[in-house]
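Only one structure is covered here, and it is reproduced in the block below.
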Amino acid sequence: MLEKREFYINGKWVAPAKANDFPVIDPSTEEQCAVISLGDQADTDAAVAAARAAFDGWSQTPREERVALIKKLAEIYDRRQEEMAQAMSMEMGAPIDLSRQQQVGAGSWHIGGFLKAFETFEFEKDFTATEKTLLEPIGVCALITPWNWPMNQIILKAIPAVATGCTVVLKPSEIAPLSGLLFAEFMDEAGFPPGVFNMVNGDGAGVGSQLSCHPDVDMVSFTGSTRAGIAISKAAADTLKRVSLELGGKGANIIFEDAHPKAAKAGAIRCFRNSGQSCNAPTRMLVHKSRYDEAVEMAADVANNTHVGPASEEGKHIGPVVSEAQYNKIQGLIEKGMSEARLVAGGLGRPDGLNRGYYVKPTVFADVTNDMTIAQEEIFGPVLSIIPFETEEEAVQIANDTPYGLTNYVQTEDDEKRRRVARRLRSGMVETNGVGFAQGSPFGGYKQSGNGREGGAFGLEEFLEVKAVSGWAAG
């Protein structure tokens, strides 16, 4: 990789305006693995200016040229996927097998989905015989991405933005910036014109805030915490720019009496995946009382048998959480849970045999009620809360009783009930009976989980303005 202190602006790797070193910590070892520089206002202004200057030309580039560049990028991404897997594993702690298969694989999956959608996407539509509706790129877009699924989120923003003719400034998470730097190398190698893609490292208070209120930025696309999403919306309000938000979640996994016998086991495994650091994780398991004791025992067994270890270790274990701050937050919420509910697995401190690294014990609480802190707050760690219910109506009420609305889950062999409950759940996504979503499916939430939709044609639409033109065929 290139020197990690550099930024990618206007088609060149450039030094930051002034040194502002920031250590990147390997969460498996708590040791420094790289140093980046956090940008300041001059760096932000330079990147935005480059994107602004490139917009007119890029927005008029034929679709075929943009497709060719994205396909070239996809080839580079696939060829250099081991580099990307190693970078993400080191910076945010994903076990290397998970990083190779799912963290890297998510990027390939979404590039393919966007290319498929882009081939048939209509940028011009006849409204009447003499009026045309045009879909046009919104302009300069600031992309602010998180650390938990780095390539998933960068590609869900960068690819549809440049595909539709926008120019971008990417600010990856300062906690996990190495994958973003590597992605910038891929964009450079693919040959995107100068200024189309720019990248500046920085934190939320610095570059993130500067981009959010910048008068020459037309749109901010952000994925992260609800708290940060609110702050970005407020900062963007004075310039009335579009703000697309993908925020937190507190997904309910409703296991009905007739659910698959191993539904609770699958739900616990899904909750702990990526060390629980997924906004769409099923962290509240709602179980019919007839299956409740069985589900508690099954989930506890999963937790007790989930191996926790270094990200560099191969296998199906879970790694550390991303940082000391996250570790401390999770420990505080586990402690709170121990005063509220019944701890049946896990608990405070690191797993046995690990005395260094941000490792959290897979933890299960039973006898949780939905008003408890652990049922309402997004913990963002391997912590599962199990809540009993008696009726379908009660299950729906509990599931919807949350400020979030990203992903909910339904497990039942009754197809009519499954569809009926899915319609009543207030979330942007409902996964039923373990069936995954298709390529290009819209990813996004209701309420405090955000207001955007990413993936496929829906992701392309995020970066487009609508223009009505009358008299198109007149004369």
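A few comments on the model shown:
- Cα-only Debye scattering, segment 154-198: base-10 log of I(q)/I(0) at q = 0.18, 0.24, 0.25, 0.26 Å⁻¹: -0.50, -0.87, -0.94, -1.01
- Set of aspartates and glutamates near Lys336 by C-alpha distance (under 16 Å), chain-local residues within fewer than 8 positions excluded: Asp367, Asp371, Glu377, Glu378
- Note on surface exposure: Trp149, Trp109, Trp58, Trp13 rank Trp109, Trp13, Trp149, Trp58 by accessible area, highest first, 1.4 Å probe.
- Contact order normalised by residue count of the chain, Cα under 8 Å, 6+ apart, percent: 19
- Of the two radii for segment 392-475, the radius of gyration is 1.18 times the Kirkwood radius, both from the alpha carbons; that is the Rg over Rh value.
- Summarising the amide proton neighbourhood of Cys33: residues at separation of 5 or more, or on other chains, whose placed amide H is nearer than 5 Å comprise Val24, Ile25, Asp26.
- C-alpha center-to-center spacing [segment 372-388, segment 419-465] in angstrom: 22
- Computed extension length for Asp45-Ala205: 56.1 nm, one decimal, from 0.36 nm per residue of separation with the Cα-Cα distance subtracted.
- Solvent-accessible area per residue in the chain equals 40 Å², computed with a 1.4 angstrom probe and all protein chains kept.
- Surface composition of the chain: carbon and sulfur make up 50 percent of the accessible area, probe 1.4 Å.
- 5 angstrom amide H check on Glu465, placed H, neighbours 5+ away: Glu136, Ile138
- For the chain, dividing the convex hull volume of the Cα atoms by the residue count gives 142 Å³ per residue.
- Solvent accessible area, Å² - Ile25, 1.4 Å probe, full protein context: 50
- Accessible-area ranking of Tyr404, Tyr409, largest first, probe 1.4 Å: Tyr404, Tyr409
- Derived scalar couplings between HN and Hα for segment 409-424 equal 9, 10, 10, 6, 8, 8, 4, 5, 5, 4, 5, 4, 5, 4, 5, 8 Hz in order, rounded to whole Hz, by the Karplus curve 6.51 cos²θ - 1.76 cosθ + 1.60 (θ = phi - 60°), x for Gly and Pro.
- Solvent-accessible area of Cys213 with every protein chain in place, 1.4 Å probe, in Å² to the nearest 10: 70
- Straightening the chain between Lys72 and Ser441 buys 130.5 nm, computed as 0.36 nm per residue apart minus the Cα-Cα spacing.
- When nucleic acids and ligands are ignored and a 1.4 Å probe is applied, His214 ends up with an accessible area of around 20 Å².
- Pairs beyond 26 Å (Cα-Cα), from Lys250/Lys361; Lys116/Lys157; Lys116/Lys262: Lys116/Lys262
- For Ile387, the residues 5 or more places off, or on other chains, whose built amide H falls under 5 Å of its own are Met285, Leu286, Val287.
- On the beta carbon distance between Glu324 and Phe123, with R0 = 35 Å, the FRET formula returns roughly 0.15.
- Dividing the convex hull volume of the alpha carbon atoms of segment 252-432 by its residue count gives 107 Å³ per residue.
- The order of Ser470, Ser37 by accessible area, most exposed first and with a 1.4 Å probe, is Ser470, Ser37.
- Karplus-derived 3J(HN,Hα), 6.51/-1.76/1.60, for each residue of segment 243-257, Hz, glycine and proline x: 10, 10, 10, 10, 10, x, x, 8, x, 9, 10, 8, 10, 7, 4
- Whole-Hz Karplus values for segment 398-407 come out as 5, 4, 7, 7, 7, x, 9, x, 8, 10 Hz, taken residue by residue from phi with 6.51 cos²θ - 1.76 cosθ + 1.60 and θ = phi - 60°; glycine and proline positions read x.
- Sorted peptide list for 127-134, 313-320, criterion being average Cβ within 10 angstrom, highest first: 313-320, 127-134
The values are calculated or read from the model by the stated rules, or taken from the named source; none is laboratory data. These numbers come from a predicted model, not from an experiment. With ideal geometry, Cβ positions are generated from the backbone for all residues, glycine too; neighbour counts draw on all protein chains shown. Protein only, heavy atoms only, side chains kept; ligands, DNA and RNA dropped before computing areas. Shrake-Rupley method; radii C 1.70, N 1.55, O 1.52, S 1.80 Å.
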